[in-house]
Every structure is written in structure tokens, then in C-alpha cells.
Amino acid sequence: MAKLAVIFIMLVAPAASGQSVATVAGKVTDPDGRPLRDVVVSVQDLGISTATSAAGRYILHGVPIGQRVLQLRRLGFATRELTVEVTAGTPTTANAVLDPQPVELGAILVEGASRAPDRMLDAPAAVDVVQPATVAHLSITGQLPLALARVPGLDVVQSGVNDFNVNARGFMTSFNRKMLVLQDGRDLGTALVIRQTWGALSEPIEDLGRIEIIRGPGSALYGANAYTGVINITTPAARDVVGTKLTLGGGELGTARTDIRHAGMGLRDRLGYRVNFGYSRSNDWTSARTAKDRSDWREEYAPATSTPPTSPGAERVPLIGQTRDSLTGQALGTPDPLVRTYGSARFDYYATHSSMVTIDGGAAQEENPVFTSGNGRTQVPQLLRPWARLAWDAGGSGVSAWYTGLVLPDGQIRLSTGTRLENSERVLHLEARSSRTFGRNAGRLVVGASIQNNAVNSNGTVLVPAYDDRSDYYYGSFAQLEYPLGRVRLIGALRWDDSGLFTSQVSPKGAILYTPGKEHALRLSVNRAFLTPNLTGLFQASQTAVQNLTAVENTLRADPTLGPALAAVPNGELFTNSAAVPQWTFGNPHLLPQTMTSYEAGYKGQLGRRVFVTVDLYDAHIQNFTSGLHPAAKARLNPDYPPWMSPETVAGQYRSAVDSAVQSLLLGAGNASAADGLTRLGDGTTAIVYSSGNVGVVDEWGVEVGANLSLSKALSLSASYTWYNFAIRRNPLGDDLSANTPRHKGTVALSYTGRRGLDLGLETRVVAGYQWSSGIYEGYVPPCQTVNANAGYRINSRLRVYATGTNLLNQQRFQFYGGSVLGRRVLAGMTTNL
């Protein structure tokens with residue numbers, strides 16, 4: 001790949017250097033004369049572009065001489081075109097004034113839905129774009145998922161400062177992996193459990209650029225992990241952010257943050273470069289749960305719920321920085337803070353006006369984060385995520401290769417047992433794609449193929465040793481064909497995926513897009529997606545707890561009928577070691593890919609210049625539904641672990657009666673986990689086993705509504721509402737599976753951006769209560785009403801100050817059962833352009 005890029009540069013560079021080029025520069029202001037930053041200035045038909053600085057100034061390098069048309073675009077302002085005469089020798093000056101205008105969201109270009117540019121109005125999927133202003137006012141928090149909460153249909157649940165899970169359309173878990181997150185085509189998920197480590201981004205979130213959210217199955221273009229949708233992040237080229245920016249901030253939870261970024265041009269404006277470095281430090285809401293009487297769990301949840309919580313058991317290890325009282329088990333001292341250090345560098349070589357080679361890379365280090373999963377909480381002393389990327393892009397075609405890694409120098413600690421878990425990962429990915437038009441540019445064909453290698457080694461601490469230290473390959477190819485017939489546009493897509501971990505999967509997609517008018521679009525579509533078991537789901541092996549079943553054995557021995565039947569069983573050994581029966585979580589190598597077929601209808605409409613509305617309805621059918629962690633013997637969830645049977649030394653005529661009595665005693669004592677999970681391991685010893693399985697058929701359906709209203713040139717209102725429902729059509733477990741998703745949720749946000757440098761925002765999010773069940777955590781999540789606010793003021797062209805408050809009213813709530821109780825966080829900061 002590297003050789004190909006070098007050869008390409010050598011071929012195109014001499015031809016390009018022979019052209020006569022010059023520089024165009026200028027300043028962009030609003031009608032009051034105030035400079036406008038982040039205005040994209042481009043040369044029509046040449047692919048040369050840049051963005052204005054905080055002073056409103058821009059420089060376009062390498063513009064061919066002659067008459068050229070400049071296009072100036074910024075959200076909230078009318079697009080303007082300037083015709084300039086570019087002459088050799090001296091720079092050409094082109095100043096401009098942009099008039100405020102309500103945002104026309106339907107005209108925003110998106111690429112994720114088709115892997116090629118579309119107006120958002122014409123995209124063949126439920127698509128949203130996070131507005132730059134939303135990201136900007138949340139930048140001081142470092143919490144990208146908070147910027148996604150306004151999107152209809154999206155569930156964003158949080159536990160602690162950086163522990164987030166993001167999902168669309170139902171069946172959330174505390175360790176969600178159903179939504180693909182890409183940054184410039186690079187998967188941000190980890191390989192072992194396929195989840196996003198949101199605290200390990202190597203750029204500040206205000207520099208991430210365009211963020212698109214595609215809701216609904218995306219396997220037809222993206223493969224397995226795009227099961228419920230795709231979050232597509234496209235970072236700006238180096239030439240679009242030329243200059244130096246410094247950010248400082250801090251506030252509640254002992255938060256402190258600093259970030260610096262510098263970008264520039266060189267090699268006669270053919271090479272763009274950008275470097276950044278950041279550091280942040282914050283305390284967390286996460287609390288230790290080590291008290292032997294479980295009082296700390298009750299005290300933690302008391303402000304958040306009137307229902308006494310059901311604890312899965314006391315943890316054995318306090319948080320890093322704390323000690324544990326040997327008598328009570330209570331954690332003592334203050335936990336160490338979360339610390340993030342990150343940086344990245346990017347180099348863009350502009351081979352021609354429409355072709356660019358990019359080399360970038362970086363790393364992020366996170367210290368002391370706590371992650372919650374279905375089988376308990378873990379804490380990581382140090383987490384390092386390095387990455388690198390090489391890409392060539394030439395309009396609709398391109399080739400990219402990227403690497404991402406995960407290093408845990410000190411492993412991670414399972415808080416319930418103190419077990420040290422290790423993991424190292426290396427992911428290599430190569431992909432090529434091409435987009436071509438045909439039929440006088442009426443139709444479009446997008447094709448692509450990829451190969452990926454995941455290397456994972458847990459040193460036998462997470463995966464069964466026989467399946468550990470592994471290297472797995474994944475192969476995929478896709479095509480999407482589009483063609484218009486009058487006002488109707490037909491779209492069809494197909495993807496093939498294969499790997500040694502699952503049977504070949506074919507993911508088709510079909511859509512009909514009808515545009516009755518230029519600013520309205522109706523969509524009907526059907527998609528198939530698949531979700532493969534991850535490595536832990538297939539091959540994990542971890543001991544999570546120990547239970548004392550001595551009382552059960554003693555009760556049986558005291559029974560006048562069954563007691564004599566146990567005479568040949570040594571005392572204390574009915575359950576091998578009855579005083580310490582291990583509780584294990586095991587993978588299920590028999591798992592099949594979970595599949596979804598979703599039927600959707602949608603409407604997008606720009607009603608005048610002031611209102612943009614989206615309505616999406618879906619009905620999805622899920623087969624081979626994969627459960628969360630449940631006691632493995634229940635309904636023979638995992639065939640490797642059948643229900644427990646008494647020892648062979650028990651007389652045959654009594655064994656069935658003993659087995660039934662054990663079940664009754666465990667259920668009578670309220671110990672359903674042991675009753676349903678009691679089994680024997682391969683060596684014959686007794687254990688309580690949790691696992692997952694393909695348990696049945698599920699239907700889910702819902703409605704997602706979004707609206708944006710420009711009340712004036714400075715004031716805008718946005719709102720979203722989501723209704724969700726589901727039905728279990730077949731469930732061998734016999735209990736009520738939980739979708740872990742509220743029936744109703746909605747957000748209303750009001751934003752003001754004045755000409756005098758003042759911006760204000762107020763957001764209210766309401767989420768209905770719902771039942772939660774994921775592994776060892778089962779309980780009710782109360783409804784919550786969260787109020788966020790922000791304010792900013794531009795003192796001059798170089799300096800802006802701002803403040804952001806999340807959960808401003810300090811409502812004490814947990815967003816999933818087992819997660820931390822969240823409180824208020826108010827932060828303030830300043831950004832200066834040097």
C-alpha cells in the first residue's frame with residue numbers, strides 16, 4: 001500500500017508542478033463587520049478548499065491562474081459565489097460578506113448512507129448530522145456521546161464520566177457492540193469484545209469534523225458490526241484548519257483540560273500538516289461497592305430510586321487509590337482520578353486538485369477508567385490505544401489501510417474477585433472502494449472490498465487457553481447501484497462477508513426514494529443485517545464469584561428420607577466443595593450470528609427555509625436472537641453445561657429426588673441464579689455457570705420524529721421524539737427478556753447565536769423508566785429529566801470563553817441498572833487562536 005502511494009505521487013507530482021498557480025486570500029465577515037470563522041472557501045470544480053480562521057481570514061494556495069469562481073459556505077449563512085481573476089506574481093485578494101440565513105438541513109451533504117455524497121434529503125436511510133455548534137459547546141467535557149443524545153432513535157446511556165454505550169432501536173446492553181463507529185473509515189471498536197472506548201479518542205471532539213448517524217441496519221455496506229446503525233466521523237483536512245489553537249478549561253469533579261493544535265502548509269502548498277496534543281484530568285461518579293453488608297450499594301442508589309436495589313453481591317476490590325477495611329469491607333480513601341493524555345499528527349499531500357494522500361496516526365492513554373458489563377465491573381490502571389492510517393482519495397475512489405491497537409500494561413482488575421485480566425490487540429485493515437456515475441451521470445455504482453486481521457491475546461485470563469492468542473481474518477465485498485426513473489430513485493445494495501468465526505453472510509438492501517418536490521423525499525426500504533458473536537461470547541472463561549451452598553447440603557442431610565441417600569458422599573462435598581462453589585462465565589462456541597430484517601418508511605422535508613422535519617417508522621424481525629448472560633443450565637442455554645446431577649455415589653433411585661430437592665431449596669432461598677446455573681464442568685466438578693445463547697425470535701418496531709425550526713436568524717429550536725416497542729415471539733428461557741430500552745424518550749433544545757459574539761443553549765431530555773436486565777444486573781431504571789445548558793462569548797476575533805453544564809439541576813439518576821449514579825457537572829473554558 002505504501003509503495004503504491006509513493007508511485008502515485010511520483011507520477012502525478014511532475015505534471016501538477018508544471019501548472020502556473022498563484023494564491024488567493026481574503027477576509028469573510030457578517031453584515032456587521034464581525035469576522036466569521038469556519039467558513040469553507042473552495043474553488044469551484046478544482047477541489048481546492050480551506051476554512052477561515054477566528055479572524056475570518058483565509059488563504060487558498062496553488063490556484064491556477066485565470067478566471068475562477070470561489071464558493072463560500074457556512075451553516076446559518078447564505079452560500080455566496082465570487083468570481084475572481086487569478087494572476088501570477090501577486091496574491092489575489094477576495095473579501096466577502098455572508099448574510100445570515102436559516103439552516104437548510106436537507107441540503108447538507110452526507111456520505112455514510114451510500115458511501116458516496118448525497119444531500120441528506122436524498123439519502124436512502126434514516127440519517128442525522130450533529131451540528132457543529134452542538135459539538136463545540138460540549139468540547140470542554142470531552143464526552144462525544146453527549147452530542148449524540150439529541151438524535152431520534154438513539155439510546156445513549158452513561159456510567160461514570162467516560163463509560164458510555166450508544167445504540168439504536170432497542171436491546172441495549174451494558175457492553176453494547178451493535179453500532180459501528182468509524183473515524184475516517186477506521187473502526188474505533190476494540191477486537192475482543194467489540195466496544196467503543198470513548199475516553200480514548202486522540203483528538204478533541206470539536207476537531208472531529210462532520211458526524212453523521214445512520215440509524216437502522218447497515219450491514220449491506222459495512223458488514224457485521226453495523227447491526228443497528230453507523231456513526232460516521234470525517235475529520236477535516238489539514239489545510240482546512242490552518243493556524244494554532246489553544247484550549248484551557250476545568251470545573252466540577254476536579255476537572256482540568258488543556259489542548260493545543262497547530263496546522264500549516266509547506267512544499268509550495270502541496271503538503272498540509274496538523275498536530276495536536278491534549279491532557280485532561282477528572283474525578284468520577286463511580287463508587288466502590290465492597291461493603292460486606294452491601295450498604296454502600298444501597299447508599300449509592302438511595303438518592304436515585306425509592307426501590308431498594310438488589311445487589312448482585314459485594315465486590316472484593318476497591319477502586320484504585322482506595323484501601324478496604326478488613327472488618328466491614330468498606331472502601332476507605334479517595335479514588336484516583338481519570339487521566340487522559342492524547343495526541344495525533346496528520347500529513348496531507350495534494351497530488352492533484354482532486355487527489356490527496358493522507359498519512360496520520362496517534363495514540364491515547366487513559367488511566368483508571370471503570371467499565372461495567374453484564375458480568376460485573378472492571379477497572380483499568382492504564383489503557384493505551386495507538387493507531388495509524390494511510391489513505392489515497394481521488395474523488396469517488398480510494399484505498400485505505402489502517403492499524404489500531406490496544407495495550408493494557410497492567411491488565412484490568414475484575415472488582416468482584418480481584419482477578420487480573422490481560423489483553424493485547426492488533427487490528428490491520430485494507431480497503432478499496434470506487435464510485436462511478438453512468439447514464440449521463442444519472443446512475444451511480446459504488447463498489448468496494450476489504451480484508452481485516454484481528455490478533456488478540458489475553459494470556460488465558462479472558463479466553464479459554466485453547467482459543468487464545470489467536471489471529472482471525474475477515475473478508476468482505478459490497479456493491480450499491482442507484483438509478484433514477486423520473487421522480488423515483490431505485491437503490492439496491494449487496495454485501496458478502498466471511499470469516500473463520502462464522503458462516504458466510506449475505507446482506508441485501510433495497511430502497512425506493514420518491515421526491516414529489518425538490519425539498520421533500522419519501523423512502524421505503526428493506527435491509528438485512530447480521531451480528532456475529534464476539535470472541536468473549538464464544539470463548540471466554542472467567543470466574544466472577546464464589547457461593548456457599550453448605551446450608552443446602554446440611555438441609556438435605558437432615559432430611560429423614562434423603563439424608564441416608566447421601567451417606568456415601570463425604571461431608572461438605574455434595575457440590576464438590578459446598579462451602580465455595582465457583583461462579584463462572586463461559587462463552588458458547590455454538591452461537592450463531594443473530595440476523596435482522598428491517599422494513600422501513602421515512603419522510604424528510606424542508607418546509608420553506610425555516611423548518612426541517614424527519615419521520616421514520618420501522619418494523620424489524622430478529623432471528624437467532626442472542627441473549628445476554630443468563631444461568632447456562634436454564635432451558636439448556638449452552639449445551640455444554642446441562643443441569644446439575646447428584647454424584648454417582650448417591651443411590652440411583654434417590655438421585656432424581658436429590659436433584660429436585662436441590663432446586664427447590666435454592667429457589668426457596670431466593671437463589672435463582674444457582675438454581676438455574678448449577679451444573680458440572682468438563683472435569684466433573686460443580687459450578688454455577690453463566691453463558692449466552694441463541695434463544696428465540698423477536699419483533700421490534702418504532703417511530704422516530706425529528707424537527708428543526710429556525711425561529712429567527714439567531715434563534716433555533718430542535719426537538720426529537722422516539723416511541724419503541726417489542727414482542728418476544730419465541731423464548732425457550734421462559735422468562736421476560738428485557739429490551740433495556742425506554743418506551744418513550746424525547747429532547748427539546750433551544751439555541752441562540754447572536755451577531756455580537758454571544759451564544760446560548762438550553763436542552764431538556766426526558767426518558768421514561770424501564771426494566772433492565774443484563775447479566776448479573778437486573779432492576780428498574782427510574783425515569784429521568786435532564787437539563788443541560790451552555791453559554792459562550794467571543795471577546796475578540798482570537799479569544800472565546802464559554803461554560804457548559806450537564807445535568808444542571810443535579811438530578812441523581814443511574815441510566816442503566818448497575819451503572820453509577822450521575823450528578824451535575826459544570827465546566828468553563830477558553831479557546832484562543834494564536
Can you tell me which residue among 318, 369 is buried (at least 21 other Cβ atoms within 10 Å of the Cβ), over 25 Å from residue 430 (Cα atoms) and not assigned by TED's automatic domain parsing to the domain that holds residue 446? 318
When you check residue 614 against the structure, is it polar (S, T, N, Q) and assigned to a loop (DSSP other than H, G, I, E, B), yes or no? no
Checking residue 598 against (1) closer than 30 Å to residue 540 by Cα; (2) in a strand (DSSP E or B); (3) touching a Pro at 6+ places or on another chain (Cβ under 9 Å), which single condition isn't satisfied? (1)
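Restricting attention to the stretch 548-565, does a residue exist that is at negative phi and assigned to a strand (DSSP E or B)?
The answer is no; no qualifying residue exists.
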Selected residue (only one of 434, 416 is of a type outside the set (A, V, I, L, M, F, W, C) and over 30 Å from residue 330 (Cα atoms)): 434
Can you go through 637, 678, 629, 667 and tell me which one is surrounded by fewer than 16 Cβ atoms within 10 Å (Cβ to Cβ) and of a type outside the set (S, T, N, Q)? 667
With a cut-off of at least 2 residues that are aliphatic (A, V, I, L, M) and touching a residue at least 40 places away in the same chain (Cβ under 8 Å), name the strands (runs of 3 or more DSSP E) lying wholly within the stretch 302-414. 338-352, 355-367, 383-394, 397-407
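Pick out the one residue from 83, 93 that is without any contact (Cβ under 8 Å) to a residue 24 or more places away in the chain, β-branched (Val, Ile, Thr) and not assigned by TED's automatic domain parsing to the domain that holds residue 614.
The conditions single out 83.
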Taking the stated definitions as given, is residue 720 modelled with pLDDT of 95 or more, among the small types (Gly, Ala, Ser) and surrounded by 21 or more Cβ atoms within 10 Å (Cβ to Cβ)? yes
Would you confirm whether any residue within the stretch 705-714 is under 27 Å from residue 531 (Cβ atoms), in the same structural domain as residue 739 (by TED's automatic domain parsing) and either at pLDDT 95 or above or not basic (Lys, Arg) (or both)? yes
On the basis of being more than 30 Å from residue 366 (Cβ to Cβ) and over 19 Å from the mean Cα position of the chain (by Cα), does residue 94 make the cut? yes
Does any residue in the stretch 558-586 that is touching a residue at least 40 places away in the same chain (Cβ under 8 Å) come within less than 6 Å, Cβ to Cβ, of a residue that is among the β-branched types (Val, Ile, Thr) and in a loop (DSSP other than H, G, I, E, B) six or more places away or on a different chain, and which pairs are these? 565/650; 568/649; 569/649; 576/685
Are there any strands (runs of 3 or more DSSP E) wholly within the stretch 61-161 with 3 or more residues that are crowded, with 23+ Cβ neighbours inside 10 Å and at pLDDT 90 or above, and if so which? 126-130, 154-158
Test residue 377 against the criterion of being crowded, with 21+ Cβ neighbours inside 10 Å and under 27 Å from residue 810 (Cα atoms), and give yes or no. yes
Test for residue 217: is it in contact (Cβ under 8 Å) with a residue 60 or more places away in the chain, in the same structural domain as residue 741 (by TED's automatic domain parsing) and within 26 Å of residue 744 (Cα to Cα): yes
Any residue at all in the stretch 696-711 that's surrounded by 22 or more Cβ atoms within 10 Å (Cβ to Cβ) and aromatic (Phe, Trp, Tyr)? no
Among residues of the stretch 185-196, those that are within 27 Å of residue 240 (Cβ to Cβ) and either part of a helix (DSSP H, G or I) or of a type in the set (S, T, N, Q) (or both), counted: 1
The residue that is nearest to the chain's Cα centre (by Cα), considering only those in the stretch 656-713 that are of a type in the set (D, E, K, R) and closer than 15 Å to residue 552 by Cβ, is 676
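The values are calculated or read from the model by the stated rules, or taken from the named source; none is laboratory data. Keep in mind it's a predicted model, so treat the numbers as computed, not measured. Cβ sites come from the backbone with ideal geometry, for glycine too, and all protein chains shown count toward neighbours.
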